[in-house]
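The values are calculated or read from the model by the stated rules, or taken from the named source; none is laboratory data. As the structure is a prediction and not an experimental result, all values here were calculated from the model. FYI the Cβ positions are ideal-geometry reconstructions off the backbone, even for glycines, and counts take in every protein chain you see.
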Amino acid sequence: MDLDRLSALGQFGWKNTLTQEAMRFDEALEPTRVIEIHRSGLIVAPDVAAQKEFVLGGRWFNLPADERPTVGDWILVNPETRAVETLLERMSLIKRRSPSGEVQPIAANIDTAFIVTSCNSDFSLARLERYLAVVRQDGIQPVVVLTKSDLSDDPESFREQTQSLGGNLVVELVNALVEEDLSPLASWCGPGQSIALLGSSGVGKSTIVNTLAGSALQDTRASREGDNKGRHTTTRRSLFRLPTGGVILDSPGMREFQITDADSGVHAVFEDIEELALDCKFGDCAHASEPGCVVRDAIESGQLEERRLQSYFKLLREDRNNTETIVERHARARDFGKKVKAHVHTKLKPRRG
Ligand SMILES: Nc1nc2c(ncn2[C@@H]2O[C@H](COP(=O)(O)OP(=O)(O)OP(=O)(O)O)[C@@H](O)[C@H]2O)c(=O)[nH]1
Ligand SMILES: [Mg+2]
Ligand SMILES: [Zn+2]
């Protein structure tokens, strides 16, 4: 691969291990990163080569959605046909179960996730635990960003509550409109780093992008007065380069975030409860009313909140219900593939150019 191109890709987070992997494939194929993806199957790559748009051909639609390229993925493309040929191995994948039941990929190859909520009625410990489980599942560094500190009478109380989820959890309390407030975030955004923003509509994800970038890359819009609900201003996922050298992924606010395939993430987030449970008298203790239950003791003594135990149970159940076996996944994908295939063949012939 030529060096100019490698250094251009480096500005989008290309890592050396990817060079090794790319070399296993046809030399004529070019590596690039997916910075935006359109429903039609069109993929948009950074402006580092002659072409920017590539087509996801019909065969990709026989695979489950999370095995198709998504934003943040590194792919190999054929510059002649403009077809997407190969998906390079991912370092991490943030995904959820969509309301329709499919596993929906959200961001690939992310180093750090900014989990954003505001110091107002959007704030929910249970939702933070949910995001943390998904992020920790893949070894991504979580940073909880509490925005609108300037609009709250008691912003510190939001920080304290968040910190109760774990002493080591990184929590930043900010006014997202103020550059200085975001300087602790900039330290996660150095060269080669990829960051994803996660959170509900209206919490200030796009505002963070704009303040870190120092320019209005993304539209932002005031939330509704009264209930602080956002207006779903951002409508697609896109990656942006930051002046600090990293790339950041903005996404539409999510109404619902169901976890899937995240059991080790749940274990990581509730490590404290699982450690206590080791000392329960019965190995299969349900921490309900069994004698010798150390988890109940911790709740009685105020060391552990009942809320947190219920949240742990809920996420374990949800993960179990939402995680399909590999056979189920592929059966679902085949059915879906059949439905879209005809459509893709007629509408998505690669354009020459
Ligand atoms: N005062 C204040 N306003 C903020 C802060 N963060 C965001 N805002 C405002 O909140 C509104 C919503 O911000 P956005 O950045 O559009 O929110 P978003 O998370 O991108 O929302 P979606 O794109 O709908 O998902 C805008 O009017 C911002 O100016 C903050 O820390 N303080
Ligand atoms: Mg937005
Ligand atoms: Zn117990």
- [ ] Please enumerate the residues belonging to the stretch 38-60 that are surrounded by fewer than 21 Cβ atoms within 10 Å (Cβ to Cβ) and within 23 Å of the chain's Cα centre (by Cα).
- [x] H38, R39, S40, L42, V44, P46, W60
- [ ] From (1) within 12 Å of ligand 1 (Cβ to nearest atom); (2) hydroxyl-bearing (S, T, Y); (3) over 21 Å from G10 (Cβ atoms), pick out the condition that doesn't hold for S215.
- [x] (1)
Open item on the list: The conditions are (1) surrounded by 13 or more Cβ atoms within 10 Å (Cβ to Cβ); (2) over 31 Å from the mean Cα position of the chain (by Cα); (3) at pLDDT below 95, and V344 fails exactly one of them. Which is it?
Closed with: (2)
Open item on the list: Suppose we filter the stretch 241-261 for residues that are away from ligand 1 (no atom under 13 Å from the Cβ), without any contact (Cβ under 8 Å) to a residue 60 or more places away in the chain and surrounded by 14 or more Cβ atoms within 10 Å (Cβ to Cβ); how many remain?
Closed with: 2
Task: Filter result (crowded, with 17+ Cβ neighbours inside 10 Å and farther than 22 Å from Q141 by Cβ) within the stretch 175-224 - done: N175, S201, G202, N210, Q218, T220, S223
- [ ] Determine whether the stretch 22-31 contains at least one residue that is surrounded by fewer than 16 Cβ atoms within 10 Å (Cβ to Cβ), part of a strand (DSSP E or B) and either touching an Asp or Glu at 6+ places or on another chain (Cβ under 8 Å) or of a type outside the set (A, V, I, L, M, F, W, C) (or both).
- [x] no
TODO: Kindly list, by first and then second residue, each pair from a residue in the stretch 169-184 that is among the charged types (D, E, K, R) to a residue that is more than 16 Å from ligand 3 (Cβ to nearest atom), limited to pairs with Cβ atoms under 6 Å and residues at least 6 apart or on different chains.
DONE: E172/V145; E172/P184; E179/T211; D181/V174; D181/N175
Open item on the list: Taking the condition of being in a loop (DSSP other than H, G, I, E, B), farther than 22 Å from E102 by Cβ and within 16 Å of ligand 2 (Cβ to nearest atom), how many residues in the stretch 243-294 meet it?
Closed with: 0
- [ ] Being more than 16 Å from ligand 3 (Cβ to nearest atom) and at positive phi narrows it down to one of G253, G245, G265, so name that one.
- [x] G245
